[in-house]
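The values are calculated or read from the model by the stated rules, or taken from the named source; none is laboratory data. Everything numeric in this text was worked out from a predicted model, so none of it was measured. With ideal geometry, Cβ positions are generated from the backbone for all residues, glycine too; neighbour counts draw on all protein chains shown. Keep in mind that these areas ignore ligands, DNA and RNA; they rest on the heavy atoms of the full protein, side chains included. Shrake-Rupley method; radii C 1.70, N 1.55, O 1.52, S 1.80 Å.
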Amino acid sequence: MNSHFSFPFEPYDIQVKFMTDLYSTIENKKLGIFESPTGTGKSLSICCGSLQWLRDTNKKIEDDLIKNIDDLKYQIANTAGSDDWLQDEYNKIQKNQLLLKLQNKLSKIKKMQEEFQELKNKVAKQNLHSSKIDSFFIKQNKDEKSEATDETENVVDDDLIVEIENNKDDSDDESPLEDVEDSFTKIYISSRTHSQLSQFIGEIKRTIFNKGTKVVTLASRQHYCINSEVNRLKNVSLINERCLEMQKSKTKSTAKDEEGKVVKKSKTKACSACPYYNQNNIKKLKEKLLVEVMDMEEIVKSGKQMKACPYYASRMALEDAEVALISHAGIVSHGARTGVSIKLQNNILIMDEAHGLSAALENAHSAPVSHKQLSCVKTFLEFYINKYRSLLSSKNLLQLNQINFVVGKLIGMVCPKLNDKDGSKIYTLEDFVIEAEIDHLHLHPLVEFCRNVRLAPKLHGFSMRYSQQALAEEHKKDTNKKGSFKDFLSNISKKRTQNDSLKCVPLDVPKNNGNKNLEFQVPPTEISAGSSLYAVLDFLERLCDRSENGRVLTQSDSGLLKYLLLNPAEHFADVVSQCRSVILAGGTMEPISEFQELLASDKTQLDRVNVVKCGHVVPADNVLGICLSKGPSKLNLNFSYENRSSFELLNEVGRILRNLCNVVPDGVVCFLPSYSFEQTLYEHLKSTGVLESVSKKKIIFREPKSASEVEQVLQKYSAAVKSKVGDINGALMLSVVGGKLSEGLNFSDELGRCVLVIGMPYPNIKSLELQEKMKYLNKSTPGSGSIYYENLCMKAVNQCIGRAVRHANDYACVILVDERYSRSQTISALPSFVQKSLISNCVFGQAMGSIAKFFARHKKKNNDNK
């Protein structure tokens, strides 16, 4: 075990370098860009380096307090008298006040340590009774389910009427804990997905920091809610609203009808408290997760056993936690940080898998809203206004009509227009509001109104209650306007210029294709009026910013409005300015300049940025890199978009795969530029008999398009690789660059003895979104747009390469099938551990010879070791 970093085993030199540089970067309050190839123990190095710094710093603070207190006591006791007795007395008072202050700090630290030890003992006793708690939960859960089925049809609409609510009450519900200023430094560790955060928890458990470090994993209600009546809503905003709503109602309420009789409300969650929002149980769960390092699954499981809300327990634990784990989405969005009370001031932020940070920032601020969502909101909002018009105040009615007007104009922006061939257009924010004819409205007060009166959850409840009536009325209104289908067609050109909002039939209204018995169905929950309105409000908030670095993309062919954030650095600057240190870590952090701009948008701060590049733990002769320029028939391999589907190239790919599968043992993973090309190639290989030929050596698998099927396919692939039957010596996986298998998954050892990347996965250059981004970059720095375009491609390639070679004893060959990979600027963008053994401009015969020798050498080495 390493004496300084408390590593669980003897670390490699590059791991020592990583931890040492991480430690010094945090200690010196600098910013860091850390590149450590996938498979080099990066996560464990992050945990050991940062937690060792935290432990050392906390001990140093305590030791310094003790030393300063002793020094002050000595000075006070041995102060020699002077002629100026008044000054002496003043100095003595000052020292006594300072002594008292230091003693209070020390006693606070000692008290925290004692309380934590008491907490450990308390949790240990509670764990002894866990079986009793579990059986009690099962019994109560049955009672709850039987009660949930007891619903009545007598419903009153008081809960749906828009009123100005007390915002203070909402904030109190959302933050049940007192706002206490943290007196110690926290470390926030962020990664792309929650499964990757669970990997960090696993790494911490391997170290001595497993005992005595208070760790909490933060997540949204969508991930932590264990109330089936709430989490079935799916949409995170609706889940949030329902949760807060249930906290307000501690008891079931009743109401009276027009005749004064008591009417029992239906037992919806608007009128019953959540059984898991129990402060005593939440406190017990909080104590448990502070003492025991637990991942998300373990926290949810404990919450169910203890009948306590994991979401509020984790939030309550955040105040005392030393380490908090959270996804990128929870960090890059200001709203998400505020929602879970994340305080970055003077704390440390470490972002793993940071190669996609710019994209995460752009996605977090994109606020997409579809025509389907807009139509859904307009349909139900109009019906809502008409139904409750007499019950609404004039002010509220005016604002509801204004929102309805804005939604109608937004619908007009995504409907096809005359002479609009491509169906897509990009606007500046100023041009968009003028084109949409909403520039005369103050959008910010309208958005605030919708938030304050909680219009979205009310509209959601309304749509669930009156969906069939609303859709029927919309259909009736639409039918009356059109008369007959023939009249409608003759009037299209007249109506087109009069009212853009009438040109598109709401997509939630079923089309009557001659069916007189048409039934209107309840809209699916994923496009409910409530969740749709949240999407609209997020988009309107972006319009309120009027940023020069923002654009609006309209796509009438797909019916989409989307905000484009052209400069992610301006939104990340707030994070950087608050933190003591920000560390961006990843397997491939090229181009470094991109991350330097994110960390130091002000060029004067570049000297604060510490760039650290680590090599791979794997020896150079364990990796064989090949840039294949010519195929078996000596055809130049260039898989540009125009060429990739040619009959000759597809035949060459078939020959390459057939030869490789004969030579490469175990698992081969082949990455293709797109799903459409994968389909084209698969059908071609099937029709030409290549698949049948390859399947005699390797079982063939294809990447599933559904995320739910990925785990099952991977298990079958793994089993096929490990089970050698007859002449079959492994499996071939056809995958897609940027797909579900290109990031976050490990094809270590026999699962990935060869990784092929066929073609260069450049994004579609005809994309308006990409063109606008490149135009923006070229305007600020000439030529940077082309560099950005090239980097998008190479980032995706490097992620594919990183799926193989996961530890020091692993070995694999990486074959890049396209002559363009041999360009000097492209080679320089590849991972350094691949560059060391790379053979560029390789013809097929030479490549097959090198591959055969590579695997023969490792087979002999493995036999010798046995």
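Here are the numbers for this structure:
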quantity: Point-to-point label distance, GLN97-SER786, nm (Cα→Cβ direction, 7 Å offset); calculated: 6.7
quantity: Net length gained if the chain between GLN715 and GLU297 were fully extended (0.36 nm per residue, minus Cα distance); calculated: 148.4 nm
quantity: Using a Förster distance of 45 Å, the FRET efficiency for SER706-ILE109 (Cβ separation, nearest 0.05); calculated: 0.30
quantity: Within region 747-787, backbone nitrogen closer than 14 Å to the virtual label 7 Å beyond the Cα of SER646 toward Cβ; calculated: none
quantity: Other-chain or far-sequence residues with amide H under 5 Å of ALA731's (modelled H); calculated: GLY667, VAL668, ILE699
quantity: Mean Cβ neighbour count within 10 Å, used as a protection proxy, ranking 688-697, 614-623, 61-70, 15-24 highest first; calculated: 15-24, 614-623, 688-697, 61-70
quantity: Fraction of accessible area attributable to carbon and sulfur, region 370-433 (%, probe 1.4 Å); calculated: 52
quantity: Residue-wise HN-Hα coupling along region 215-228, computed from phi with Karplus coefficients 6.51, -1.76, 1.60 (Hz; x: Gly, Pro); calculated: 10, 9, 9, 9, 7, 7, 4, 4, 8, 9, 5, 10, 8, 4
quantity: J(HN,Hα) series, region 762-770, from Karplus relation 6.51 cos²θ - 1.76 cosθ + 1.60, nearest Hz, glycine and proline x; calculated: 5, x, 5, 5, 7, 5, 4, 4, 5
quantity: Per residue value of the accessible surface for region 718-810 (all protein chains in place, 1.4 Å probe), Å²; calculated: 40
quantity: Kirkwood hydrodynamic radius over Cα pairs of region 709-866, then Stokes diffusion coefficient at 25 °C and 0.890 mPa s, in µm²/s; calculated: 137
quantity: Nearest-10 value in Å² for the accessible area of TYR388, using the 1.4 Å probe; calculated: 10
quantity: Net +/- balance of residues flanking GLN712 in space, Cβ distance below 13 Å, scoring K and R +1, D and E -1; calculated: 0
quantity: Segment ILE827-ILE161, extension gain: residue separation times 0.36 nm, minus the distance between their alpha carbons; calculated: 233.4 nm
quantity: Calculated FRET value between ASN127 and ASP83, using beta carbons and R₀ = 51 Å, to 0.05; calculated: 0.15
quantity: J(HN,Hα) series, region 289-300, from Karplus relation 6.51 cos²θ - 1.76 cosθ + 1.60, nearest Hz, glycine and proline x; calculated: 6, 6, 7, 9, 6, 10, 8, 4, 4, 5, 5, 4
quantity: Accessible surface of region 682-805, 1.4 Å probe, proportion on carbon and sulfur as whole %; calculated: 52
quantity: Carbon plus sulfur fraction of accessible area for region 37-116, probe 1.4 Å, in percent; calculated: 55
quantity: Where Rh is the Kirkwood radius over Cα pairs, Rg/Rh for region 36-98; calculated: 1.44
quantity: Estimated inter-spin distance, ASP70 and ASP621, nm [label 7 Å along Cα→Cβ]; calculated: 5.7
quantity: Segments 367-379, 94-106 sorted - mean Cβ within 10 Å per residue, highest first; calculated: 367-379, 94-106
quantity: Ranked packing of 791-803, 187-199, most packed first, by mean Cβ within 10 Å; calculated: 791-803, 187-199
quantity: Exposure of HIS807 as accessible area (Å², to 10), given a probe of 1.4 Å and all protein chains; calculated: 60
